[in-house]
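Engineer: Structure below; questions to follow.
The values are calculated or read from the model by the stated rules, or taken from the named source; none is laboratory data. The structure presented is a predicted model; accordingly, all values stated were derived computationally and were not measured. Note: accessible area is taken over every heavy atom of the protein model, side chains too, but ligands, DNA and RNA are not part of it. Shrake-Rupley method; radii C 1.70, N 1.55, O 1.52, S 1.80 Å.
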Amino acid sequence: MDVQSYDLVILDINLPDGDGTEQLRDMRGQGLATPVMMLTAEYQVTDRVNALDLGADDYLVKPFDLRELEARARALISRQPPADAR
């Protein structure tokens, strides 16, 4: 049971305890519609396509400028109703 809702999930593909794409698959499988931005150092187009096909809303390759991350986060959040209205 979730105790908190979020406006945006920023999820790295390479997590210390697993694969972020598996987390994304689980989140979408549970019906979680919160926007997800994936971060990774993987440059392959197939990696990006896979994450987007699994339900990621955006994908940002490291290294990146923090201003771009912030702008992308603002854009994703602005497209969603407030978390308490979902």
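Engineer: Taking θ as phi - 60°, what are the ³J(HN,Hα) couplings along region 6-16 by the Karplus curve (6.51, -1.76, 1.60), each to the nearest whole Hz, with x for Gly and Pro?
Structural biologist: 10, 7, 7, 10, 10, 10, 7, 5, 9, 8, x
Engineer: Along its principal axes, what span do the Cα atoms of the chain show, with the longest given first and each in whole Å?
Structural biologist: 36, 28, 22
Engineer: Rolling a 1.4 Å sphere over the protein heavy atoms, what is the accessible area per residue of the chain, to the nearest Å²?
Structural biologist: Accessible area per residue: 67 Å².
Engineer: What number, in percent, do you get for the relative contact order of the chain if the mean sequence gap of Cα pairs under 8 Å and at least 6 apart is divided by its residue count?
Structural biologist: This gives 32 percent for the chain.
Engineer: Then there's this: Within the accessible area of region 33-86, what % is carbon and sulfur when the probe is 1.4 Å and the other protein chains stay in place?
Structural biologist: C and S atoms contribute 54 percent here.
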